[in-house]
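**Student:** Attaching a single structure in structure tokens format; questions to follow.
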Amino acid sequence: MVIDLDRCIGCRTCAVVCKGHNSQPPGMWWNRVFTPGSPEHQLPVAQNGEVEMYFLPVSCQMCENAPCEKVCPVGATYTDDRGRVLVDYERCIGCRYCMAACPYGVRQFNWEDQHKAKAKAGYMPGYDYGYPFEHRDRNGRLVYTPDRPKGIVEKCTFCVQYTDKGELPVCVQACPAGARFFGDLDDPKSEVSRLVRERQALRLKEELGTKPKVYYLPPTRPRK
């Protein structure tokens, strides 16, 4: 995935559609958007005598050298044949080692029964949202379910239930500014390859050696 920080307007549409389509329980956000340098979202910061602002969307970085995968004692976190770091909902034991190992703070623990959480949040009884069917990988591992198990760790999956069918992740589809791109980085003719090559893309915390698969095109014109 490539995210153009020049285009991102900080609207958090990506976070909202991600939550809805992936049936995330109340209080859980796989996608978040920050205003770097500011304690509040969309609050400009002063730099070099000028007020500037840009936005930084953060979700799972899909690391090639994933620390979360290395520490999982039961192999619930794994990398599939398309390079996606996924969680097997039926194998996760909720130890949260992966949360401690993730340097990006993107993994979240499901503390409560999903239906009780929705009732507390004021949802109508029986109301549900999200992709309505379970999704398993080609080896039968459960990597998405609308009925969220209590006591497991969750995170972005690049919308595995959609991308397995050739569709784009919903955050890419819904971004009103067209700031997100998704494709095959191994294909030199793909749009993501071109953008990474031409725009001096960077990755978060590259010095840790995690080799993230999410690339950011740096802002050239911070908003004032």
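The values are calculated or read from the model by the stated rules, or taken from the named source; none is laboratory data. It should be emphasised that the depicted structure is a prediction, and the values quoted were computed from it without experimental measurement. Here the Cβ is made from the backbone with ideal geometry for all residues, glycine too, and neighbour counts use every protein chain on show. The area values use the complete protein model at the heavy-atom level, side chains included, leaving out ligands, DNA and RNA. Shrake-Rupley method; radii C 1.70, N 1.55, O 1.52, S 1.80 Å.
**Student:** Which one of CYS11, CYS60, CYS175 has the biggest mean-square fluctuation once the chain is modelled by GNM with Cα springs under 10 Å?
**Tutor:** CYS11
**Student:** Next up: Please list LEU202, LEU5, LEU208 from largest to smallest accessible area, probe radius 1.4 Å, with all protein chains kept in place. Please report the intermediate quantities before stating the final value.
**Tutor:** Details: LEU202 70, LEU5 10, LEU208 95 Å².
Ranking LEU202, LEU5, LEU208 by accessible area, largest first, yields LEU208, LEU202, LEU5.
**Student:** Follow-up. Given the whole protein assembly as supplied and a 1.4 Å probe, what does the accessible area of ARG197 come to in Å², nearest 10?
**Tutor:** Surface accessible to solvent at ARG197 totals approximately 140 Å².
**Student:** With every protein chain left in place, what is the accessible area of LEU185 in Å² (1.4 Å probe, nearest 10)?
**Tutor:** Approximately 80 Å² for this residue.
**Student:** A further question on this structure: What number comes out for accessible area per residue over segment 1-103 if the probe is 1.4 Å? Units Å², please. Before the final figure, lay out each step's value.
**Tutor:** Values: 4680 Å² over 103 residues.
Solvent-accessible surface per residue comes out at 45 Å².
**Student:** Continuing with the same structure: Just the Cα atoms of segment 91-178: what Rg and Dmax do they give in Å?
**Tutor:** Reported Rg and Dmax, both Å: 14.8, 39.
**Student:** Who wins for biggest fluctuation among VAL196, VAL85, VAL160 in a Gaussian network model of the chain, springs between alpha carbons below 10 Å?
**Tutor:** VAL196
**Student:** A follow-up question, please. Take every DSSP beta bridge whose two residues both sit in the chain, then give the antiparallel share in percent to the nearest 5.
**Tutor:** Working: 17 of 20 bridges.
Given both bridge residues lie in the chain, the antiparallel proportion sits at roughly 85 percent.
**Student:** Moving on to the next point. Highest GNM mean-square fluctuation, the chain, Cα pairs closer than 10 Å: which of LYS205, LYS165, LYS19?
**Tutor:** Answer for the Gaussian network model of the chain: LYS165.
**Student:** A further question follows. Per-residue HN-Hα couplings for segment 79-96, Karplus 6.51 cos²θ - 1.76 cosθ + 1.60 at θ = phi - 60°, whole Hz, x for Gly and Pro?
**Tutor:** After applying 6.51 cos²θ - 1.76 cosθ + 1.60, I find 9, 7, 6, 9, x, 8, 8, 10, 10, 7, 5, 8, 9, 4, 9, x, 6, 6 Hz.
**Student:** What percentage of the solvent-accessible surface of the chain, computed with a 1.4 Å probe over protein heavy atoms, is contributed by carbon and sulfur atoms?
**Tutor:** On the way: 5970 of 11540 Å².
Percent of accessible area from carbon and sulfur atoms in the chain: 52.
**Student:** So which chymotrypsin sites (Phe, Trp or Tyr not before Pro) in segment 119-224 are both in a DSSP loop and have at most 10 other Cβ atoms within 10 Å of their Cβ?
**Tutor:** Taking segment 119-224 and a limit of 10 other Cβ atoms within 10 Å, the loop chymotrypsin sites (Phe, Trp or Tyr not before Pro) found are TYR127, PHE133.
**Student:** Where the centre of each part is set by its Cα atoms, how far does segment 80-139 sit from segment 160-224, in angstrom?
**Tutor:** Here the two parts' Cα centres lie 23 Å apart.
**Student:** Return the inverse of the average 1/r over all pairs of distinct C-alpha atoms in the chain, which is the Kirkwood hydrodynamic radius, in Å to one decimal.
**Tutor:** Numbers: mean 1/r = 0.0541 Å⁻¹.
After inverting the pairwise mean of 1/r, the radius is 18.5 Å.
**Student:** Here is a follow-up. With the crude spin-label approximation of a point 7 Å out along Cα→Cβ, what separation in nm comes out for VAL51 versus SER193?
**Tutor:** Those two pseudo-labels are separated by 4.5 nm.
**Student:** Can I ask one more? Can you list which of the GluC sites (Glu not before Pro) found in segment 37-115 are DSSP loop residues with at most 10 other C-beta atoms within 10 Å? Could you put the intermediate results ahead of the total?
**Tutor:** Working: sites: GLU40, GLU50, GLU52, GLU64, GLU69, GLU90, GLU112; in loops: GLU40, GLU64, GLU90, GLU112.
Here the GluC sites (Glu not before Pro) that fit, given the DSSP loop and packing criteria, are GLU40.
**Student:** Still on this structure: Name the cysteines of the chain that stand alone by the Cβ rule: no other cysteine Cβ under 4.7 angstrom.
**Tutor:** CYS8, CYS11, CYS18, CYS63, CYS72, CYS92, CYS95, CYS102, CYS159, CYS175
**Student:** A follow-up question, please. If a/c stays under 1.5 just call it rounded; otherwise compare a/b with b/c (prolate if a/b is bigger, oblate if not). Do that for segment 33-151, with a ≥ b ≥ c from the square roots of the Cα gyration tensor eigenvalues. Provide the component values of the computation, followed by the final result.
**Tutor:** Values: a/c = 2.30, a/b = 1.38, b/c = 1.67.
It comes out oblate by the Cα gyration axes.
**Student:** For a test of understanding, tell me how many lysine pairs in the chain have Cα atoms under 22 Å apart, given they are 8 or more places apart or on different chains.
**Tutor:** Counting lysine pairs in the chain gives 25.
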